[in-house]
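Inspection log for the structure reproduced underneath, given as C-alpha cells.
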Amino acid sequence: MFAALSDKLDLVFKKLRGQGVMTEDNVKDALREVRLALLEADVNFKVVKDFIEKVRTRAVGTEVLQSLAPGQQVIKIVHDELVLLMGGGEDNSLDLAAKPPVAIMLVGLQGAGKTTSCGKLAKYLKAQRKKPLLVPADVYRPAAIEQLKVLGRQLDIEVFDSLATQKPLDICREALRYATLNGFDVIIYDTAGRHQIDDYLMEELEGIRDELAPREILFVADAMTGQEAVNVAQGFNDRLGITGVVLTKLDGDAKGGAALSIKAVTGKPVKFVGLGEKLDALDVFHADRLVSRILGMGDVLTLIEKAQASFDEKETERMQQKMKKSGGQFDLEDFRNQLQQIKKMGSLESIMNLIPGMGKAMKQMQGAQPSEKELKRIEAIIDSMTAKERANHTIINGSRRLRIAKGSGTSVQEVNQLLKRFTEAQKVVKQLQKMGPKGLMKGMKG
Ligand code: GDP
C-alpha cells in the first residue's frame, strides 16, 4: 500500500534514526524531503503545507532536540501528525443511534465502488447482528439493480425489489415503508452515479436526502483517483453534507493522496476502507494502523511509548547524578535497578520483536543477548547478596560466592560470570565518563 510514499519516507527516517544530535537545520532538511514525498503521493498542496508547519513547530522544540534520540522523536511526531491528519483519535464509527430502520445512503461517481461497498457494508452489519435491507436506487446504470441482487443472494441479505422504470425517490420511499413493516434495522440505499458531478444528479440525491433523512450519507471515493477523488468529495459535501467516506481500492497501487487529504479537505472522516473486490474486503478505518503501515514501522511506536511510559524518570535522574558524582562508579544495586527498568517495559523477547528485523536477528545470534531467563537469574543472584556486598563487590570472596550461589539456586560459576560481566560494564562506563558527552558523540560517530 502506498509503496512509493512508504519508500521515500523510509529513506528520510533512516537518516533521522542515525542522528545522535540534531539541529534545526537537520529537522528542516528532513522535513523538506517529507514534503516532497507527500506532494509526489498527490496529497493536496495546502494540506501538505499545514502538515509540515505543524511537524516543524513541534520538532524544533528544545525538548526534542535535547532528547536522547531526537531523530526517533521527530519520526514519532511525523507519525502522530499523520494520524491526526486522517482523523485519528476521533470517533469514526457509523452512527446508528436512531429509531430503526436507520438509513444509510451511499453516494459517489460511477465506478467508485458504491454497489460493491453497499454489499460489503450489509455483510459487516449482518455480522453485528443487524438486519439490513439493500435498496437499489440506481436506475440509470443498466446492470446496477441486478448487480446488487446478485450480491444480496451471495450474502443471504434481502434486496428490495425495484425496477429500472421507477423513480429513485419512489423506490427509496417504498423501501422505507417495507423495511419499517418488516422489522429491518438498517436500510442501505445504493444511489446512482455519473462520470462527473452534475446538477441533475445532485437534485435527485438532495430529494432523497430531504425526504428520507438518512443518518449517514457516505461518499464512496476511489483511492486510485487521488486528488480528483478529494475534489469530487468536496463537491458532494457542499451539496449534500456527507457524514463520512468509504475509501475503496486501497489494495491497488493508489499513491496515498486521497487517503491523506480527504479528511483535512472535507472535514469528514474516512469510516471504512475497501481492500479488494471480495465482499469481506472492507475494514473499519483506523488512522493509526494505516499510518503505521505507510511508515513501515512495525510497532516501533508502541515501543517508544512503552519506554516513555515505563521509564522511571526519577530513577534515571538519580543514576545520572550518582554517575556524575562518582566519576562513573556504580554498584550492583544500581545494576539491578537498571535491569528492573528494562524489565518493566515487558518481556525482553517481546520488546525485541517490536523492533523491525530485531526478532529475527536475535534468533540468528543466539546467546549474544541476555535471555529472559538469564535476566531472572542475574536478578536472583544480586538479590541473594547483602547490601554491603552490593555496594562493594570486591569483598565477595570464595565463601561468599558459594553462599550467594546457594541462596539464588545457581552455581558458583554463574555468580563468577555475573561478577565478571559487572566489572566489565563498570570499566566501559568509566571509560565513557572520562570522554564526557562530547567525546561520547565522537566515539559513536567514529
Ligand atoms: P459503482 O459504479 O460505484 O457502483 O461501482 P461498483 O461497485 O460496480 O465497482 C466498480 C468496480 O470496482 C468493480 O469492478 C468492483 O469490483 C471494483 N471495486 C470496488 N471496490 C473495490 C476495492 O476495494 N478494491 C478493488 N480492487 N476493487 C474494487
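Brief remarks on what is shown
- Of all residues in the range 272-288 being more than 10 Å from the ligand (Cβ to nearest atom) and crowded, with 21+ Cβ neighbours inside 10 Å, the one that is nearest to the chain's Cα centre (by Cα): ALA287
- Within the range 88-108, the set of residues being surrounded by fewer than 22 Cβ atoms within 10 Å (Cβ to Cβ) and either touching a strand residue (DSSP E or B) at 6+ places or on another chain (Cβ under 8 Å) or of a type in the set (A, V, I, L, M, F, W, C) (or both) comprises ASN92, SER93, LEU94, ASP95, LEU96, ALA97, ALA98, PRO100.
- Top-ranked residue of the range 175-197 - restricted to ones that are within 26 Å of GLY113 (Cβ to Cβ) and charged (D, E, K, R), ranked as nearest to the ligand (Cβ to nearest atom): ASP190
Residues checked against (1) charged (D, E, K, R); (2) part of a helix (DSSP H, G or I); (3) more than 28 Å from the chain's Cα centre (by Cα):
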position	(1), (2), (3)
GLU203	yes, yes, yes
LEU218	no, no, no
VAL230	no, yes, no
PHE236	no, yes, yes
VAL246	no, no, no
GLY252	no, no, no
LYS263	yes, yes, no
LYS268	yes, no, no
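- Subset of the range 73-110 [acidic (Asp, Glu) and under 30 Å from ALA175 (Cα atoms)]: ASP91, ASP95
- Every residue from the range 198-221 that is more than 16 Å from the ligand (Cβ to nearest atom) and free of Cβ contacts under 8 Å to residues at least 12 places away in the same chain: ASP199, TYR200, GLU203, ASP210
- Annotation: GLY111 fulfils all but one of (1) surrounded by fewer than 20 Cβ atoms within 10 Å (Cβ to Cβ); (2) more than 12 Å from the ligand (Cβ to nearest atom); (3) at positive phi; the unmet one is (2).
- Positions within the range 26-85 being at pLDDT 90 or above and among the acidic types (Asp, Glu), in sequence order: ASP29, GLU33, GLU40, ASP42, ASP50, GLU53, ASP80, GLU81
- Residue among ALA137, ALA143 that alone is among the aliphatic types (A, V, I, L, M) and either closer than 17 Å to LEU205 by Cα or in contact with a Lys or Arg (Cβ under 9 Å, 6 or more places away or on another chain) (or both): ALA137
- Unmet criterion (only one of (1) over 34 Å from the mean Cα position of the chain (by Cα); (2) part of a helix (DSSP H, G or I)) for ALA122: (1)
- Taking the criterion of being near the ligand (Cβ under 10 Å from one of its atoms) and either assigned to a strand (DSSP E or B) or surrounded by fewer than 21 Cβ atoms within 10 Å (Cβ to Cβ) (or both), the residues of the range 137-148 that qualify are ARG141, ALA143, GLN147.
- Comparison of ALA122, ALA127 shows that the only residue that is touching a Pro at 6+ places or on another chain (Cβ under 8 Å), within 19 Å of LEU275 (Cα to Cα) and assigned by TED's automatic domain parsing to the domain that holds GLN196 is ALA122.
The values are calculated or read from the model by the stated rules, or taken from the named source; none is laboratory data. Worth saying up front: this structure is predicted, and the values here are computed from it rather than measured. So basically every Cβ, Gly included, is an ideal-geometry build from the backbone, and we count neighbours across all protein chains shown.
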